[in-house]
1. If I filter segment 80-135 down to residues being more than 16 Å from ligand 2 (Cβ to nearest atom) and of a type in the set (Phe, Trp, Tyr), which single residue comes out as nearest to Ala309 (Cα to Cα)?
2. Hey, can you tell me all the residues within segment 120-141 that are crowded, with 24+ Cβ neighbours inside 10 Å and closer than 18 Å to Arg176 by Cβ?
3. Checking Ile247 against (1) closer than 16 Å to Leu294 by Cβ; (2) without any contact (Cβ under 8 Å) to a residue 40 or more places away in the chain; (3) touching a helix residue (DSSP H, G or I) at 6+ places or on another chain (Cβ under 9 Å): exactly one of these is not met. Which one?
4. Before we move on, is Asp171 under 17 Å from the mean Cα position of the chain (by Cα), free of Cβ contacts under 8 Å to residues at least 60 places away in the same chain and closer than 28 Å to Pro135 by Cα?
5. Among the residues of segment 304-335, which ones are modelled with pLDDT of 95 or more, out of contact with any helix residue (DSSP H, G or I) (no Cβ under 7 Å at 6 or more places or on another chain) and more than 12 Å from ligand 1 (Cβ to nearest atom)?
6. Looking only at segment 286-300, decide whether some residue is more than 15 Å from ligand 1 (Cβ to nearest atom) and touching a residue at least 40 places away in the same chain (Cβ under 8 Å).
7. Please count how many residues of segment 272-309 are away from ligand 2 (no atom under 16 Å from the Cβ) and under 22 Å from Ala14 (Cα atoms).
Amino acid sequence: MLFSQDIGIDLGTANTLICVKNKGVVLREPSVVAVAVGAGQKKVVAVGEEAKRMIGRTPGSITAVRPIKDGVIADFQMTADMLRIFIKKAMSGSPFARARVMLSIPSGITEVERKAVHDAAVSAGARYVSLIEEPMAAAIGAGLDVTAPKGCMVVDIGGGTTEVAVISLGDIVSSRSLRVAGDTFDDAIVQFIRKKYNVLIGERTAEEIKISIGSAAPYDGEGAMDIRGRNLIDGLPKNIEVSSEDIREALDDPLNQIVETVRNTLEKTPPELAADIMDSGVVLTGGSALLRGLDKRLAAKTGMPAKLAEAPMDCVVTGTAICLEKDTLNLRRLK
Ligand code: ADP
Ligand code: MG
């Protein structure tokens, strides 16, 4: 059967990526929706990049929300609206009526949540929807041979969740989903700066600090950053300087939780597969895997080699696209 379009979607807690067959990644936007609330009605005023810029800066009647929290859909209608706008943008006007969609979902979600994601894609206009577990998509996108009779481990650290999975023979042998990831890092930075300097900063600033000078292990060329926040003592703006060391201290606890989860998963992995992982190493994907020294810290604390995948933020969506191309998964026709 012929399909008008094949698209792969990584519906992430922080970012949504869309891949069109033979075109590569065509859309990369924050999973954010700005809504205006008036007369008891909610109206979507912006999505993606535009909506993200509104976070923390919106007038009273407009709120910017992230409809997917902790890896699950917190607001169904908003997720569907966002998805519809993104898909339309990705297709840039070409008809989508018969599109075949491969969508990634977190491995830990329930049947009800699974259906919610599926229905969101359908109500966004997709005709054929197939779901793939995120760690599987991440592993395929990272170039791992998931069908081999050998164990491999992928750790995807995104915005809301960290997904750890051991894969062999095309199946997930064991997996864990931890609600600690990039957002937790940002939060930990906000708390740390408040405690140490009595200064309040916003989440956006925390994220900027994390990306510019954050790390999971000491690195060459560590630096400091001038930031502006609100002095909690007199309520006025105040400039302070934070160092890489400060941020490492702030991130210590969430990083340890991630390491613990990886260790637990390894402990529960059958010995033969664990030996394979020892050979091939743990592969890191997701935006938060870009945190400096995270691979090094994980390797040191687990005794397993760990390596960052190429283009870690694209692995999941690339994985969905590869599945579409290979046509290996069964696609269900929907009514
Ligand atoms: P999700 O799959 O949940 O949408 P992503 O894989 O897109 O998440 O990753 C988003 C997270 O990656 C955010 O928390 C963001 O702050 C973080 N991130 C992006 N780039 C970097 C970087 N260079 N260093 C550390 N964290 C980063
Ligand atoms: Mg992701």
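The values are calculated or read from the model by the stated rules, or taken from the named source; none is laboratory data. Keep in mind it's a predicted model, so treat the numbers as computed, not measured. Here the Cβ positions follow ideal geometry from the backbone for every residue, glycine too, while neighbour counts run over all protein chains shown.
1. Restricting to residues being more than 16 Å from ligand 2 (Cβ to nearest atom) and of a type in the set (Phe, Trp, Tyr), the top hit is Tyr128.
2. Passing the criteria: Glu134, Pro135, Met136, Ala137, Ala138, Ala139.
3. For Ile247, the failing item is (2).
4. It is false that Asp171 is under 17 Å from the mean Cα position of the chain (by Cα), free of Cβ contacts under 8 Å to residues at least 60 places away in the same chain and closer than 28 Å to Pro135 by Cα.
5. Glu310, the sole residue that qualifies.
6. Yes, the conditions are met somewhere in segment 286-300.
7. 3
Okay, residues lined up against (1) over 22 Å from the mean Cα position of the chain (by Cα); (2) within 13 Å of Val65 (Cα to Cα); (3) modelled with pLDDT under 95; (4) surrounded by fewer than 15 Cβ atoms within 10 Å (Cβ to Cβ):
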position	(1), (2), (3), (4)
Asp10	no, no, no, no
Ile18	no, no, no, no
Leu27	no, no, no, no
Val37	yes, yes, yes, yes
Gln41	yes, no, yes, yes
Lys52	no, yes, yes, no
